[in-house]
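Have a look at this one before I ask anything.
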Amino acid sequence: MSDDVIDSPTGWVAKHIKRYLKSDGKDGHLYYGKPTLLLTTTGRRSGLPRRTALIYGRDGADYVVVASFGGSAEHPLWYTNLLAEPQVEVQVEAEVFAATARTATAEEKAALWGQMVGIHRDYDAYQAKTSREIPLVLLSRT
């Protein structure tokens, strides 16, 4: 991906990303005690790289993130971007790697949802707040 990455326009997320990048994740990997990674997708309309910070869990070698958008009726833009282009870049602490993103199956989500709620309990409240089925995404190294 290009060095000209566009960071999240949400102020607190952009600040988190800057701290994470500046410190190779030493400041930012744990965000209020929750593990976070940086996900860079390709904009589905612009074709430009776009980066956000997300809480993650693990499923074997895969990283698991939740497309909650705080329980909004709409999917987050990073999720709609990866649906259009599943090749993404992930940074976990200082390690940066290419990955393929895919939405978890219903069975995978059933097995992983509790783990993700254990990391960030608000996910249950977000799901209750929306009629949208909140997707879980698996990020697999390529």
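Please give the charge dipole size of segment 6-141, origin at the Cα centre, charges +1 on K and R Cβ atoms and -1 on D and E Cβ atoms. Round to the nearest 20 debye. Mind dumping the intermediate values first?
Values: 17 positive and 15 negative charges, 85 e Å.
Here the size comes out at about 400 debye.
Can I ask one more? Computed FRET efficiency, Cβ-Cβ of A61 and A14, R0 35 Å: what is it to the nearest 0.05? Provide the component values of the computation, followed by the final result.
Details: r = 29 Å, r/R0 = 0.84.
With a Förster radius of 35 Å, E is 0.75.
Work out which GluC sites (Glu not before Pro) in the chain are exposed loop sites (DSSP not H, G, I, E or B, at most 15 other Cβ within 10 Å) and give the longest gap free of them. Spell out each step's value before the answer.
Working: sites that count: E74, E133.
In short, 1-73.
How large is ³J(HN,Hα) for each residue in segment 51-56, as worked out from phi by the Karplus curve 6.51 cos²θ - 1.76 cosθ + 1.60 (θ = phi - 60°), to whole Hz, x for Gly and Pro?
These are the phi-based 3J(HN,Hα) values: 10, 9, 10, 9, 5, 9 Hz.
Positive end of the charge dipole of segment 6-141 (Lys, Arg +1 and Asp, Glu -1 on Cβ, about the Cα centre): tell me which of P86, Y123, G28 has its Cα farthest that way.
The one lying farthest along the dipole's positive direction is G28.
Can you tell me the length gained on complete extension of the stretch D124 to E107, counting 0.36 nm per residue apart and subtracting the Cα distance? Don't skip to the answer; put the middle values down first.
Details: separation 17, 0.36 × 17 = 6.12 nm, distance 1.74 nm.
Extending this stretch completely gives an extra 4.4 nm.
In percent, how large is the relative contact order of the chain, given Cα pairs closer than 8 Å and 6 or more residues apart?
Values: 255 pairs, mean separation 36.0, N = 142.
Rounded, it is 25 percent for the chain.
Count of lysine pairs in the chain with Cα atoms under 19 Å apart, counting only pairs 8 or more residues apart in sequence or on different chains? Show your work: numbers first, answer last.
Numbers: K15/K26; K15/K34; K18/K26; K18/K34; K22/K34; K26/K34; K109/K129.
Counting lysine pairs in the chain gives 7.
Distance in nm between label sites at K22 and R45, each 7 Å beyond Cα in the beta-carbon direction?
According to this spin-label approximation, the distance is 3.2 nm.
What 222 nm value per residue comes from the helices of the chain, counting each DSSP H run with n ≥ 4 as -39,500 (n - 2.57) and dividing by all residues, nearest 500 deg cm²/dmol?
Details: 4 runs with 42 residues, N = 142.
My calculation for the chain gives -9000 deg cm²/dmol from helical runs alone.
Of all trypsin sites (Lys or Arg not before Pro) in segment 1-65, which ones are in loop regions per DSSP and have a Cβ with at most 12 other Cβ atoms within 10 Å? If you can, show how the numbers build up before the last one.
On the way: sites: K15, K18, R19, K22, K26, R44, R45, R50, R51, R58; in loops: K26, R44, R45.
Hits after loop and neighbour filter: K26, R45.
Under 1.5 on a/c is rounded, so check that first for the chain, then, if it is not, pick prolate when a/b is larger than b/c and oblate when it is not; a ≥ b ≥ c are the square roots of the alpha carbon gyration tensor eigenvalues.
On the way: a/c = 1.39, a/b = 1.25, b/c = 1.11.
Rounded, since a/c falls under 1.5.
Since every read-out is calculated from the coordinates, none of them should be taken as a lab result. Note that the coordinates shown come from a computational prediction; the quantities given were computed from them, not determined experimentally. Glycine gets a Cβ as well: all are built from the backbone with ideal geometry, and neighbour counts include every protein chain shown.
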